[in-house]
Amino acid sequence: SATDYKSASPNLILLLGFTERAMRAAIASLLLVVLAIPQHAAAFKENEFKKCAQTSFCSRNRNVHQGANFDVVPASIVLNTATITGTLLNKAFGKHLQLTVTSHADGFVRVLVDESPSVGRYQVPSDVLVSGWENKKQGFKEESRTSAAITLSTGETKVVLHFQPFSLAISVKGVAALQINSRNLFNFEHRRQKQEDDPAGYWEESWMGHTDSKPKGPEAISLDLVFPSFQHVYGIPERATSLSLRSTNGAAPYGEPYRLYNLDVFEYLDDHPFGLYGSIPVMLAHKKGLTVGVFWLNAAEMFVDVVKTRSEVGTQWIAESGIVDLFVFTGGSAPAVLSSYARVAGTTALPQLFSLGYHQCRWNYKDEADVKMVDSGFDSHEIPYDVLWLDIEHTNGKRYLTWDSSLFPRPVEMQEDLASRGRQMVTIVDPHVKRDSSYYIFSEAETAGHFVKNKHGSDFDGWCWPGSSSYLDVTSPVVRDWWAQQFTLDKYKGSTKHLYIWNDMNEPSVFNGPEITMQKDNLHYGNVEHRDNHNLFGIYYHMGTAEGLKLRGSQVDPENGDRPFVLSRAFFSGTQRVGPIWTGDNAAQWSHLKVSVPMLLTLGLTGLPYSGADVGGFFGNPDAELMTRWYQVGIYYPFFRGHAHLETQRREPWLFGEDTTARIRTAVRGRYTLLPYIYTLFRFANTSGLPILRPLWYEFPDNEDLFAVEEEFMVGSAMLVKPIVAPGVSSVDVTLPAGARWYDALSGAMVPPKTRSQRVQVTMDAIPVYYRGGNIVPLRERPRRSSVAQAADPYTLVVALDDKGEASGSLYVDDGRSFAFQQGQYLHRDFTFKSLKLTSTVRLESGVPNGTLTVPTTIERVVFLGLPSSKRGYKALIGGKHAVQLETGPLTMLAPQHENAVVLRKPGLQVSYDWQVEIVAL
Amino acid sequence: MQALLLLTLLAGVVLTHGNSLRGVNPDLASHYSGHGGTFTCISGIPKTIPFARVNDDYCDCSDGSDEPGTSACHNGRFYCRNLGHEPRLLASAFVDDGVCDCCDGADEAKGKCQNTCLQAAAVRKEALRGKIQLHEHMLKTKDDYVERARAFKEELQLKAPTIEEDIARQQAEVQNLKAEVTRLEEEEAARQAEIAAANQAAEEARRADEAQQTAVQAEDSGSGQGEDAESAETVDNHAEEVQGESQGEREETPEERGRRIASQWTSDPEAAAVEGQPEEHLNADDSDGGDDDGDDEGHYDGTMDDDAEGQFDYPDTEAEHTEYHSERHHRQQRPEGSAMAEERPPPSEWEDLMMFLDLVKQWAARWMHTFSKILRDGIREDVLAHRAKIKERSRSRQQRWESAKQAFPQPSRPRTAVAVSSSPPAASAVAAVATDPSSPLGLARTAAFTAERQLQQLQKDRENIGTFLNRPMDFGPDDIFLALANKCFSSYQTRWTYEVCMFEKAVQKEGNSNAVTVGRWYGFSEDYKVMYFSGGDECWNVGPRSMTVYLSCGLDERLSDGEEPSTCAYSAKMTTPAVCTQAELEELQQQMVNLEAFEDEVRAQIMKDEL
């Protein structure tokens, strides 16, 4: 089986390589027998990846106290409205650094440290971030200045710069938020000349047969960031670990720092500090009364230690190169921190509505007949889905943007056929380019010099799916431009406007490179070493591809264009502006289902909410129970896709027996029911940077019991989901936070909150989900075959009342596909329920044009949860006159057997206009 | 709505209130009469609603029955009349969703869809026509079975009276011929011994000559021709080993590393086997298939496999061969490991039929060939001439061998002296040389062999007589199942193989392990639609195993759906033309008559409707 090979120790395979050939076959067969013993723990080859101790820059800085080595030169301090500058002196070397602290109007302070004078150390290019924030500053007020420190304030933020040794303390509203270098772990390795007695690892480093020539020598930076009186920090994805980050001075594997280095980690473990495919150097710290965020804009390999004590969470961040460019978000609350971060790194691109539906993927849907069969399987089993995916086998020999014409002789007709039922297709396109001069992508790119270079300056040649490959140097805007042009309909043969793209392997994955990636001394555009911008390769490739689809869209629809949909595996800060990511090659195990929740919550807290885990697990074969539970959770993943490895059994939703098919059908229909709510949440993510999935503490920031809860999560502010992540579960403990009213999302029954968790009975049919009182949630209840087929359907409003009998919510509507919304072609309504009056008003938001769209859609049902009981019931006065009797009915059509809700039937309300409905007790 | 009304009228259904409602299933029409101005949900939570709420685009009933013609309910069913084709019950979700699901387009707003029922009907008619032809063919086969069974029985009856006598005679004949062979072999052995002695003397002389030459040369000259490649490889390996020793541990090349990592992702255990197959390299285009292979299928190639194979090298610059071809070649060869696990939905009736018709053609050709051959050879004639022939054969053995020799000329390729026979060791040397069939020994052997075969045949006849003639056994109407005498049919499920041997036993096997007998022949059910096997191997706590095989009309014998519904009681399904009936054919023919009778009317109506 697949795992058998995977668990093979590399030593054994190496050994095989040295053995006399005549013996090889015999040994190979012996090996097969040996390997037939499952060795799951050995799947992730820990020894194929570097630890801090095996990494020169990390080991020479980790926990190394520099004493009072770095001082601020008091006389050098200059305050110029919003910016304070000064000189930092590295006393051990007599080297000068320039310190710059700037206060920005968008709720953050930026701290820059670079060598003085500049030696041209790498800085992350501005196109990774958004622009516009740089010059919006908010002046500093000098509160006091002594020979030891200067104290400045800006808004509610106070900054104290201590001179000897250098340290910086930031507080918000009088509460200590962050201390920089309070433990003297700060270090800044300056550029230098090679000395004979330089320690090993300064100018060259070897590991697993790869030698990294380090022409620039040591240039690491250590940042000492302490969150005083905090107990919880979150963020720095991507890894399969807890939501509230554990200390890294514990037992293995948590004796290793968290690592930020985008890597293709084969069969990653479900509980490990090791870094995976993407990196966002953002951390949030939360305590009662204050959330603070930090963002170190640096794309080099980075290790982050977390050490918790009773009084603080101390963190040490060690990067291999670059400069200090630290953003400290001081808005005070998690939403404020995320909004501020979004001002810098951008907000989530508003996705096409179809991409929020269900995606069916597999390595591989084999041929056109297979595609047709899977597509019709969804219809015959009445399970909605929107997108069918094709993995690498659809290409001609892994030459991306081509088709295997024996398997897919008529790709255009195939896509048109899917589109006739409102469905789209996605094909995979990876950044490695097969070195084949008859392959047009290779020959054009080679001729134009578009490939990443090795240290000798010639085209880098690495190994990936197609064999010997070169890699597009997407860090160059010229290469990205060229790459974007490859996606127009005339260039990408066999593509249609219904085809979207999946970028895999863009860490980049290089099978024969160090740690399955590129050599750090490879050279990029501008003669930048790969070491400096490694973590940007993924986002740049993703960007180039998304630009390609944007370009294609502008040709197909010159007026409004077409929003790109490109899924990526690798990511960095800013990826949210480009497209969704998924958590890579997980496994069909309960533990992987479980860890998917903290993984996605973490991504939401670091500005990248449009993400998902492969439903069912990529490696291995899920049984019916795991499959069912995974779908029941997966419908709440912002990106909802089922995917499976080449060698797994087929697992389309109807292959697990009728009961399971019915349960998955109900679950997926539930996703489609929620699309208006989810799309509206995406609109908020798009305008304000707010997450879709939220940890409980995000919504209940004062309840300390919830700060580490990852067993439950919120979808927006209105729904609480309790995943079931173990087999054979008949009851679960659910925590329903106090201070809110909760309603069972199937039956509508009110569930009283409790300080502690409560036991809830469950069946295989559903996992516990609750509406939170105080919210109005828009739904579309008709179980269509796709999101496109829902376009004309009426809405249902669920009005879940809080203790005061009030609720509010909103509904965002646009064409679901083009950029017309940016010109105001959208509809955004606010609904409020107060004093028994339900009101619809237009929602106006600053910074975006007002909505001008009207649609003929109506509201077919209004469901009230938590109305006080009235003996003779209620009637509704619509527009002040037309009276309709309220009826008892089900909360949701998915569970018509529960008639617990008070329902306003067919009120005929237009979603596009203002109206008011008054509820009157009879 | 008007169109639907007209169509309904045309169909001759009495117009009721319910029929004017969109999407109502005629079987449920009585629920939609509107009597009393109310509607009662057909199932689910009991509820009665004003009739005005039926099809008002709001779901009131928990079973969706109040909205047969809209998409309001999750679980509603929309009835498409599909006049001219087959009616269909569509999920409510597909009503008014912009996709034409019903061939009459009734599920979408008027004007949105074209009526494609006639096209669909034409396809259906074609399918029906095929089914009829198929059934006619199966009935014809059934007649053939009866004839075959009769001939078989008659032959046994003819042979029965003298069978013991014939066997005794034949046994004597075999003994005589074998004695002759032994005599000739001894003669030949003596002759060979003389030759060998002479050869050995010559060889010793030659060795003395070669004593000065190098050991390597001596070794080489000793190698057989067929081992050349292997020995070349040995030399190669030797060289590499020496190099390896001198360099100490060899590092992976970048390619090897890339391949090793790529191989993590898939097991592809077949890769080694596939690459090892000589035919992979037979194709001229594929002459260095190893390269192509690596290019296309980077992740399929386990480094381990490559190493084990040890014969690939991967040039940096790839020559462009017909990689594409190679890849496809590969695909065809790749065992469908994942495909086996696949449960593809059943093919549509149409595809099924097409496949079926194809099979009919092939099978018919095959069967006609066999059957006409039997007729040509003349079973009866054969039976009548049987005894005469036995004598004739033994007399004309010599003659027949001569003619056979002419028909199958000897290969000119010289044979190597390799002993492959199962002859006793003493005779092996003789057997090795005396393979010339035209020699006296060769001729004697052939004669003995032929006589033995004939003896076996006679013994089989005796067994058949015992089984099928002398036991009171039921072979179905006209003894039709005798046509399947001595035949076994098997079916492979995901784990188990079931094999059913007619009138004998049924077994179950797992992989290569020993078979479990799940029943011995017991008999048919009264209607000959079921076969029983009982008294199989003992099953712990249950008793002897048993198996039931359900028969149905089909093109030929195919066993399927083997399972164990309750412990140690097995069941399977089997198709056979032997149970096809005229009534089934007539039913199909009637369907065709109905279809054709309706066709013109429907066409006229649809045209009118479109106007």
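The values are calculated or read from the model by the stated rules, or taken from the named source; none is laboratory data. These numbers were taken from a predicted model, which means no experiment stands behind them. Heads up, the Cβs are rebuilt from the backbone with ideal geometry, glycines too, and the neighbour counts pull from every protein chain shown. The area values use the complete protein model at the heavy-atom level, side chains included, leaving out ligands, DNA and RNA. Shrake-Rupley method; radii C 1.70, N 1.55, O 1.52, S 1.80 Å.
Failed condition for B:G105, given (1) touching a helix residue (DSSP H, G or I) at 6+ places or on another chain (Cβ under 8 Å); (2) free of Cβ contacts under 8 Å to residues at least 24 places away in the same chain, with all others met? Condition not satisfied by B:G105: (1). Could you tell me whether any residue of region B:136-145 is open to solvent by 60 Å² or more (accessible area, probe 1.4 Å), of a type in the set (K, R), closer than 24 Å to B:F468 by Cβ and part of a helix (DSSP H, G or I)? Scanning region B:136-145 turns up no residue that is open to solvent by 60 Å² or more (accessible area, probe 1.4 Å), of a type in the set (K, R), closer than 24 Å to B:F468 by Cβ and part of a helix (DSSP H, G or I).
Picking from residues in region A:373-384 that are facing chain B (nearest Cβ under 8 Å) and either part of a helix (DSSP H, G or I) or of a type in the set (G, A, S) (or both), the one that is farthest from A:M425 (Cα to Cα) is A:S380. Note on region A:385-403: residues that are more than 8 Å from chain B (Cβ to nearest Cβ) and part of a loop (DSSP other than H, G, I, E, B) amount to 8.
Among what's in region A:184-200 and is buried (at least 19 other Cβ atoms within 10 Å of the Cβ) and in a loop (DSSP other than H, G, I, E, B), pick the residue that is farthest from the chain's Cα centre (by Cα). Across region A:184-200, the extreme among qualifying residues is A:E189.
Count of region A:795-822 residues, restricted to those that are over 27 Å from the mean Cα position of the chain (by Cα), under 21 Å from A:T854 (Cβ atoms) and surrounded by fewer than 22 Cβ atoms within 10 Å (Cβ to Cβ), is 1. So which residues in region B:40-56 are within 11 Å of chain A (Cβ to nearest Cβ) and either surrounded by 15 or more Cβ atoms within 10 Å (Cβ to Cβ) or more than 18 Å from A:T892 (Cα to Cα) (or both)? Passing the criteria: B:C41, B:K47, B:I49, B:R53, B:D56. In region A:479-508, the residues that are free of Cβ contacts under 8 Å to residues at least 40 places away in the same chain form Cβ pairs under 9 Å with partners that are open to solvent by 10 Å² or more (accessible area, probe 1.4 Å) and among the hydrophobic types (A, V, I, L, M, F, W, C), at six or more places apart or across chains, as follows: A:W482/A:A448.
A:E446 falls short on exactly one of the conditions (1) out of contact with any strand residue (DSSP E or B) (no Cβ under 8 Å at 6 or more places or on another chain); (2) open to solvent by 20 Å² or more (accessible area, probe 1.4 Å); (3) not aliphatic (A, V, I, L, M), and that condition is (1).
Name, by its number, the condition in (1) without any contact (Cβ under 8 Å) to a residue 40 or more places away in the chain; (2) farther than 24 Å from A:N533 by Cβ that does not hold for A:V433. If we test A:V433 against (1) without any contact (Cβ under 8 Å) to a residue 40 or more places away in the chain; (2) farther than 24 Å from A:N533 by Cβ, just (2) comes out false. Put simply, of A:G120, A:G86, A:G132 the only residue that is at pLDDT 95 or above and farther than 22 Å from A:I318 by Cα is A:G86. Evaluating A:S554 against the criteria (1) outside any loop (DSSP other than H, G, I, E, B); (2) in contact (Cβ under 8 Å) with a residue 40 or more places away in the chain leaves one unmet condition, (2). When A:F537 is tested against (1) part of a loop (DSSP other than H, G, I, E, B); (2) within 20 Å of the chain's Cα centre (by Cα), only condition (1) is not met. Scanning region A:823-844 for residues that are open to solvent by less than 70 Å² (accessible area, probe 1.4 Å), out of contact with any Ser or Thr (no Cβ under 6 Å at 6 or more places or on another chain) and part of a loop (DSSP other than H, G, I, E, B) gives a single hit, A:L836. In region A:121-147, the residue that is nearest to the chain's Cα centre (by Cα) out of those that are part of a loop (DSSP other than H, G, I, E, B) and surrounded by fewer than 12 Cβ atoms within 10 Å (Cβ to Cβ) is A:S131.
For region B:76-95, enumerate the residues that are closer than 26 Å to A:K906 by Cβ and either facing another protein chain (nearest Cβ under 8 Å) or open to solvent by less than 30 Å² (accessible area, probe 1.4 Å) (or both). Answer for region B:76-95, where residues must be closer than 26 Å to A:K906 by Cβ and either facing another protein chain (nearest Cβ under 8 Å) or open to solvent by less than 30 Å² (accessible area, probe 1.4 Å) (or both): B:G76, B:F78, B:L90, B:A91, B:S92, B:A93, B:F94, B:V95.
When region B:96-123 is filtered for residues that are open to solvent by 40 Å² or more (accessible area, probe 1.4 Å) and closer than 23 Å to B:C73 by Cα, the ones remaining, listed by number, are B:D96, B:C100, B:A109, B:K110, B:K112. Here the condition is being of a type in the set (A, V, I, L, M), over 31 Å from the mean Cα position of the chain (by Cα) and either open to solvent by 10 Å² or more (accessible area, probe 1.4 Å) or within 14 Å of another protein chain (Cβ to nearest Cβ) (or both); of A:M764, A:M750, it holds for A:M750 alone. With respect to A:L161, is the statement that it is touching a residue at least 40 places away in the same chain (Cβ under 8 Å) and assigned to a loop (DSSP other than H, G, I, E, B) true? In short, no. The criterion of being away from every other protein chain (no Cβ under 14 Å) and outside any helix (DSSP H, G or I) holds for B:K110. In region A:845-872, the residues that are within 14 Å of chain B (Cβ to nearest Cβ) and on the phi < 0 side of the Ramachandran plot form Cβ pairs under 9 Å with partners that are among the aromatic types (F, W, Y) and in a loop (DSSP other than H, G, I, E, B), at six or more places apart or across chains, as follows: A:E860/B:Y58; A:R861/B:Y58. Scanning region B:446-486 for residues that are under 31 Å from the mean Cα position of the chain (by Cα) and aliphatic (A, V, I, L, M) gives B:M473, B:I480, B:L482, B:A483, B:L484, B:A485.
For region A:254-276, the set of residues classified as crowded, with 23+ Cβ neighbours inside 10 Å and out of contact with any Asp or Glu (no Cβ under 6 Å at 6 or more places or on another chain) consists of A:Y258, A:R259, A:L260, A:V265, A:Y268, A:G275, listed by residue number.
Note on region A:767-787: residues that are in contact with a Lys or Arg (Cβ under 9 Å, 6 or more places away or on another chain), of a type in the set (A, V, I, L, M) and either over 16 Å from A:I635 (Cα atoms) or within 14 Å of chain B (Cβ to nearest Cβ) (or both) total 1. From the list B:E126, B:E180, B:E165, the one residue that fits, being open to solvent by 40 Å² or more (accessible area, probe 1.4 Å) and within 31 Å of the chain's Cα centre (by Cα), is B:E126.
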